[in-house]
1. Considering only residues that are within 18 Å of residue 274 (Cβ to Cβ) and part of a helix (DSSP H, G or I), look in the range 196-212 and name the one that is modelled with the lowest pLDDT.
2. Have a look at 499, 559 and point out the one that is touching a helix residue (DSSP H, G or I) at 6+ places or on another chain (Cβ under 7 Å) and either exposed (fewer than 12 other Cβ atoms within 10 Å of the Cβ) or closer than 30 Å to residue 437 by Cα (or both).
3. Please go through the range 519-548 and pick out each residue that is within 55 Å of the chain's Cα centre (by Cα), at pLDDT below 90 and more than 17 Å from residue 571 (Cβ to Cβ).
4. Residues to consider are 268, 248, 256; find the one that is in contact with a helix residue (DSSP H, G or I) (Cβ under 7 Å, 6 or more places away or on another chain), modelled with pLDDT under 90 and either part of a helix (DSSP H, G or I) or in the same structural domain as residue 139 (by TED's automatic domain parsing) (or both).
5. Which of the residues spanning the range 460-496 are part of a helix (DSSP H, G or I), closer than 22 Å to residue 436 by Cβ and touching a strand residue (DSSP E or B) at 6+ places or on another chain (Cβ under 6 Å)?
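The values are calculated or read from the model by the stated rules, or taken from the named source; none is laboratory data. Computed from a predicted model, the values in this text were never measured in an experiment. As a convention, Cβ positions derive from the backbone with ideal geometry for all residues, glycine included, and neighbour counts pool all protein chains shown.
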């Protein structure tokens, strides 16, 4: 088997925090008084904190919510957050002195009996730069033309699929390569076992390639490199290998541990060898899970189907998810009414490492939310209500007055964002908010998957917002209402076009930086009456005085007047300008306080480039 050096590999051991010291140890000798001091590591999951406290995860989550922190059962929190919850529950927290290693975010650490563990399929996340052939490579494996269904050939969702390789199942997660979807790639890395990094042989390592490497490292998963488009005439494999090594990934043929295979997603060259290497690495990782426990998983993607309602693609990480289970997902819950595999076929249950499209949730969950099974409907409803109240508080909090540098009020570009799926909502919203400047704040008032509705138009009308539809279109009634209310609807299906146009709008809202340019200076020689108004006879000392120019009158350092030069005369004739060395008469509307010796300055304001 090419490029497989199993003899040099050692099984990868799972990492996680060392068992924390029990918080309810005996008190002073012989008294039997419980000691409320609790040793907490630098990072741990909410469930682990609950175990330390001897309480249920629901109690811990409620304590966190009271202090404005929303968390899921398996979410990793830092020491400060955990200490706050512990104090709320009557404990005295103290830092743990030693922690064996970091907790991998997104992968719940479950204490299982070794005899209950069974081998599970590896989860492979395909990552890399846009247009480097990630989806095309996956197409060749799955024999399904997914890339043709994506606008412009760019993947803009996260999809989860399974394929048979040498009689073994492999789960693939396909992540977008555009930089706007960094959060989606990060989510993919956090639920994966192996990151498959695709780099085009004719393009090399790009910025999103480096981002993908960083996400995989943050998730502490091994990286396999596929150099795609190796069949092209301008392919430069050695250059790509060198660039990869510069990022700290030393390939096997250069004495490192990183599997690197040249492939062609178009012809299939090298793909079989790549998959064989992945299976060997997965075997060395010794991937196991307990299919008999209640399911724990993560939402990979979610959307609102017009006929089925909220749909969520869930990757089961441990246990088995079954039709009829009551699942708790973020701030929503529901019973699983039906499940479908990646081909759309109905399924009754989904075991570890299996993606399933689930129907039955009350609302569309946020992509990346942890999925757990709840046996008690009342407890589930209570927890959901707590989370929803906290979500409302978090939503309302940022709506205070926005103040820029120096206390200057910010202009706002209000946006109502609708997209086709929930994962895209998160990515586009983040990208839009990054367009904010010191003078203009991009404020996304509302986001949701699905078509643009009348309620969206009403919200936009009341808040003077622009509606943006990304792969989402307005209903006929919404379109008619928008026309009647004068609400602007902008529709896009390519992310970079959306960002370019909104950035142009932000620049248009930015108040220009103006600088003052002095034009002329004169001295008041005498004062006389012209009808009911006072006029000043002046001698122009410098520059030129122009009628209509901005003007100020000073007496020493005291500013007497600022406005526009309304009347300018030479003898008895109105003139447009008077240059240095000549005398003139000026009149200012509403100003009758000239005195000989006053200084007159004229100037203009121009945009600073």
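1. Out of the qualifying residues, it is 212.
2. Of the residues listed, the single one that is touching a helix residue (DSSP H, G or I) at 6+ places or on another chain (Cβ under 7 Å) and either exposed (fewer than 12 other Cβ atoms within 10 Å of the Cβ) or closer than 30 Å to residue 437 by Cα (or both) is 499.
3. The one that is within 55 Å of the chain's Cα centre (by Cα), at pLDDT below 90 and more than 17 Å from residue 571 (Cβ to Cβ): 548.
4. 268
5. 460, 463
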